[in-house]
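Below you'll find the structure, written out as structure tokens, and then a few comments.
The values are calculated or read from the model by the stated rules, or taken from the named source; none is laboratory data. Predicted model, so just to flag it, every value in this text is computed and none were measured. Ideal geometry is used to build each Cβ from the backbone, glycine not excepted, and the neighbour counts take in all protein chains shown.
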Amino acid sequence: SQDIAYRVTVAPAAEGHAILTFEDVTEAEQMGQMRRDFVANVSHELRTPLTALLGFIETLRGAARDDPAARDRFLAIMEREAGRMNRLIGDLLQLSRVESEERIRPTERVDLHALITGAVATLRPLAESAGVVVEVTGEPGPLPLPGDADQITQVLVNLIENAVKYGGAGGRVDIHIAREALPRGPGIRVEVADQGEGIDPIHIPRLTERFYRVDGHRSREKGGTGLGLAIVKHIVQRHRGRIRIDSERGKGSTFTFILPET
Ligand code: ADP
């Protein structure tokens, strides 16, 4: 049921004849549409906090001028909104970087196990404040593979952060490391599993799209930009790896990625 777009060119040929060329430009049209949607989304996402900031500036100038308590409250909201814009811009830059590097293969070797340990340590305070225990099991280190350390750390941080943010009600996040063969050779699989409420299957295929959220209000409330999983997908692709998302309503979700060892 997808529309197909053609570009038709007519060239005169021998008397009474013409040559018609049909060029399939469906993909180019779709790319153009995606680009327009993306620009519209970014503009909307930036405008929302900006509108709030402008509104509070107005209020601070007027009604709240002589009310220190109100002023502090408004400044705290303004700080949160500015932080949101800052995160969004950071994620946009990161996404554009990993998208443009997609065809470049990482040449350095990193220890995946050490990166997991590091990411877990970074997120420990967030997990603790949410009352979530994070545990790593499975294959011991070192687990060397070709990769970009910062980018793989970003994948881990985004997945663990999501598991704490959206699945944290279950009280625990389990990271399991195992070996799994990829079509072109040996690989290492990392599963990040939460015991939260899970995700309805209809949403799963779209989760890695930019700005796709199951619950926009909840995501924004938790400081989400809607770009985390899009970044994860591009980084894993760049490493010639794979992603899998499994979820069961009421039982939790497991986000898995597999990276080639060679
Ligand atoms: P966000 O910044 O909104 O967290 P992501 O791209 O990281 O953006 O995730 C997209 C959406 O996927 C989230 O808004 C959330 O609805 C859903 N999601 C991601 N991880 C989980 C999880 N572990 N459990 C339930 N839902 C999740």
Requested in this report: Would you be able to say whether some residue in the stretch 216-223 is modelled with pLDDT of 95 or more, under 30 Å from ALA52 (Cα atoms), in contact with a helix residue (DSSP H, G or I) (Cβ under 6 Å, 6 or more places away or on another chain) and assigned to a loop (DSSP other than H, G, I, E, B)?
Outcome: no
Report task. Among the residues of the stretch 157-173, count how many are within 12 Å of the ligand (Cβ to nearest atom) and either of a type in the set (D, E, K, R) or in a strand (DSSP E or B) (or both). Result -> 3
Report summary line: Per the filter on the stretch 229-247, residues assigned to a strand (DSSP E or B), in contact with a Pro (Cβ under 9 Å, 6 or more places away or on another chain) and not polar (S, T, N, Q) are ILE245
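Name the one entry in ALA18, ALA63, ALA14 that is farther than 22 Å from ALA230 by Cα and modelled with pLDDT of 90 or more. Even if it seems obvious, please write down each step before you answer.
On the way: ALA63 fails: modelled with pLDDT of 90 or more; ALA14 fails: modelled with pLDDT of 90 or more.
Within the list ALA18, ALA63, ALA14, the selection yields ALA18.
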Report summary line: Selection over the stretch 108-150 where residues are part of a loop (DSSP other than H, G, I, E, B), in contact with a Lys or Arg (Cβ under 7 Å, 6 or more places away or on another chain) and either of a type outside the set (A, V, I, L, M, F, W, C) or touching a residue at least 60 places away in the same chain (Cβ under 8 Å) (or both) yields a count of 1
Report task. Under 6 Å between Cβ atoms, at least 6 apart or on separate chains: pull out the pairs that start in the stretch 27-48 with a residue that is in a helix (DSSP H, G or I) and end on any residue that is at pLDDT 90 or above. Result -> ASN41/PHE211; GLU45/LEU88
Query raised in the report: For GLY226, are the conditions met, namely being surrounded by fewer than 19 Cβ atoms within 10 Å (Cβ to Cβ) and either of a type outside the set (Ser, Thr, Tyr) or in a strand (DSSP E or B) (or both)?
Result: yes
Query raised in the report: Out of the residues in the stretch 21-35 that are modelled with pLDDT under 90 and loosely packed, with under 11 Cβ neighbours inside 10 Å, which is farthest from GLU209 (Cα to Cα)?
Result: GLU27
Query raised in the report: From the list ARG97, ARG105, ARG73, which one is surrounded by fewer than 16 Cβ atoms within 10 Å (Cβ to Cβ) and in a loop (DSSP other than H, G, I, E, B)?
Result: ARG105
**Report entry** Close pairs from the stretch 205-230: first free of Cβ contacts under 8 Å to residues at least 12 places away in the same chain and more than 20 Å from ARG244 (Cβ to Cβ), partner polar (S, T, N, Q) and crowded, with 17+ Cβ neighbours inside 10 Å, Cβ under 9 Å, at least 6 apart
**Finding:** SER219/THR225
Report task. Just need a number here: residues in the stretch 182-209 that are outside any loop (DSSP other than H, G, I, E, B) and either at negative phi or out of contact with any Pro (no Cβ under 7 Å at 6 or more places or on another chain) (or both). Result -> 13
